[in-house]
Amino acid sequence: MTTLSIDHVSRWFGNVVAVNDVTMTIGPGVTGLLGPNGAGKSTLINMMGGFLAPSTGTVTLDGQPTWRNEAIYKHIGIVPEREAMYDFLTGREFVVANAELHGLGAKAVQKALATVEMEYAQDRKIQTYSKGMRQRVKMASALVHDPSLLLLDEPFNGMDPRQRMQLMDLLRRMGDEGRTVLFSSHILEEVEQLAWHIEVVVAGRHAASGDFRKIRRLMTDRPHRYLVRSSDDRALAAALIADPSTSGIEVDLAEGALRIQAVDFGRFTALLPKVARDHGIRLLTVSPSDESLESVFSYLVAA
């Protein structure tokens, strides 16, 4: 069970602070590192992988420092965001280069290429590859030594929808196998579809950690919004609006539902079924309308 620990880590470049006192723990499964462009995600990943020293703080993998520790590289696979590659090599030669660093042969190379479905193009020069194909061959290189920790920086960039789904399925399988997988993204949909756990970074600071739905419920200073369908929407609205937990109700004729804004999450969730029962109203649908990752991210960035 591989665990990556970041303890009060900062990194600055001259007068620019890229990462500011970040602490987090990444365990087995799939974790999404979410943040806008320029939030410090790539800097964090480079420190996690041992390619960049923290200015302060420590980064450890199962208790061992990642910086200047060659022994841990056999446990880490990394897919950088940058597109720069050895374009004069074929895809297979690119993967072979990393395999040989780990003392591995042709069998490991072919397995890695098959895993990312790049066997058909393995003998073509990388300079002929599309952006999505480049991403996949970088993935093959990162997987060739069967690492227990996989770090991916914006791995879905340039992939078409089919390639994205294939990579998502692959990362889910790795998480199910017990590997520790962390991928960064500024695309909310990617993280919401794939990650079991999120770490949010905004302007170099650690803004939130955990399941995005649970994070959203902790935001008690912002109203929660619900879409509710019932057997008598107007009677339900009249009963709910009298309670201080509800700050606004709109009848959505197009949806055939109520859009309810609640300012007290705990009180409202207990009140709704009680009011319905007391008035003989059947609740047909009760769903949060702002509990997506986009809602969480927008709130955190604005905070």
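Out of the residues in the stretch 106-128 that are at pLDDT below 95 and buried (at least 20 other Cβ atoms within 10 Å of the Cβ), state the one that is farthest from the chain's Cα centre (by Cα).
Within the stretch 106-128, the match that is farthest from the chain's Cα centre (by Cα) is Met118.
Which one of Ile281, Ile249 is hydrophobic (A, V, I, L, M, F, W, C) and assigned to a loop (DSSP other than H, G, I, E, B)? Before you say what the answer is, go through the steps one by one.
Details: Ile249 fails: assigned to a loop (DSSP other than H, G, I, E, B).
Going through Ile281, Ile249 in turn, just one is hydrophobic (A, V, I, L, M, F, W, C) and assigned to a loop (DSSP other than H, G, I, E, B): Ile281.
Does at least one position in the stretch 181-196 carry a residue that is crowded, with 18+ Cβ neighbours inside 10 Å and among the polar types (S, T, N, Q)?
yes
For the stretch 134-233, list the helices (runs of 4 or more DSSP H) that sit wholly inside it and hold at least 2 residues that are closer than 30 Å to Met85 by Cα; which are they? Full working, then the answer.
Numbers: elements: 161-176, 188-194, 212-217.
Helices (runs of 4 or more DSSP H) meeting the threshold: 161-176, 188-194.
At pLDDT 90 or above and either among the aliphatic types (A, V, I, L, M) or in contact with a helix residue (DSSP H, G or I) (Cβ under 8 Å, 6 or more places away or on another chain) (or both): does that describe Ala239? Can you show your working first?
Working: at pLDDT 90 or above: yes; either among the aliphatic types (A, V, I, L, M) or in contact with a helix residue (DSSP H, G or I) (Cβ under 8 Å, 6 or more places away or on another chain) (or both): yes.
When the stated conditions are applied, Ala239 passes them.
Testing Gly256 on (1) free of Cβ contacts under 8 Å to residues at least 24 places away in the same chain; (2) loosely packed, with under 14 Cβ neighbours inside 10 Å, one condition comes back false. Which one is that?
Of (1) free of Cβ contacts under 8 Å to residues at least 24 places away in the same chain; (2) loosely packed, with under 14 Cβ neighbours inside 10 Å, only one is false for Gly256: (1).
For the subset of the stretch 72-105 comprising residues that are within 18 Å of Arg134 (Cβ to Cβ) and among the acidic types (Asp, Glu), which member is modelled with the lowest pLDDT?
Glu83
For the structure I just gave you, tell me whether Ile78 is aliphatic (A, V, I, L, M), surrounded by 13 or more Cβ atoms within 10 Å (Cβ to Cβ) and within 21 Å of the chain's Cα centre (by Cα). Reasoning before the result, please.
Details: aliphatic (A, V, I, L, M): yes; surrounded by 13 or more Cβ atoms within 10 Å (Cβ to Cβ): yes; within 21 Å of the chain's Cα centre (by Cα): yes.
Yes.
Output the residue which, of all residues in the stretch 1-22 that are closer than 23 Å to Asp62 by Cα and of a type in the set (A, V, I, L, M), is surrounded by the most Cβ atoms within 10 Å (Cβ to Cβ).
Looking at residues that are closer than 23 Å to Asp62 by Cα and of a type in the set (A, V, I, L, M), I get Val19.
Picking from Ser148, Ser141, which residue would you name as being modelled with pLDDT of 90 or more and surrounded by 22 or more Cβ atoms within 10 Å (Cβ to Cβ)?
After applying the criteria, what remains is Ser141.
Pick from the stretch 101-126 the residues that are in a helix (DSSP H, G or I) and in contact with a helix residue (DSSP H, G or I) (Cβ under 7 Å, 6 or more places away or on another chain): which of them is farthest from Pro155 (Cα to Cα)? Reasoning before the result, please.
Start the filter on the stretch 101-126 by keeping residues that are in a helix (DSSP H, G or I), which leaves 101, 106-115, 119-121, 126.
From what's left, in contact with a helix residue (DSSP H, G or I) (Cβ under 7 Å, 6 or more places away or on another chain): 108-109, 112-113, 115, 119, 121, 126.
Numbers: Ala108: 22, Val109: 20, Ala112: 16, Leu113: 16, Thr115: 15, Glu119: 19, Ala121: 19, Ile126: 17 Å.
The qualifying residue farthest from Pro155 (Cα to Cα) is Ala108.
Cβ-Cβ distance below 6 Å, separation of 6 or more or different chains: which pairs start in the stretch 163-188 with a residue that is touching a residue at least 12 places away in the same chain (Cβ under 8 Å) and more than 15 Å from Met139 (Cα to Cα) and end on one that is aliphatic (A, V, I, L, M) and in a helix (DSSP H, G or I)?
Cβ pairs passing all conditions: Ser185/Val191; Leu188/Leu293.
Is there a residue being among the β-branched types (Val, Ile, Thr) and assigned to a loop (DSSP other than H, G, I, E, B) anywhere in the stretch 51-62?
Quick first cut of the stretch 51-62, residues among the β-branched types (Val, Ile, Thr) only: 56, 58-60.
Filter once more, keeping what is assigned to a loop (DSSP other than H, G, I, E, B): none.
Within the stretch 51-62, none of the residues are among the β-branched types (Val, Ile, Thr) and assigned to a loop (DSSP other than H, G, I, E, B).
The values are calculated or read from the model by the stated rules, or taken from the named source; none is laboratory data. All figures in this text were calculated on a predicted structure; none of them were measured in a lab. When we count neighbours, we look across all protein chains shown, and the Cβ atoms used for this are built from the backbone with ideal geometry, even at glycine.
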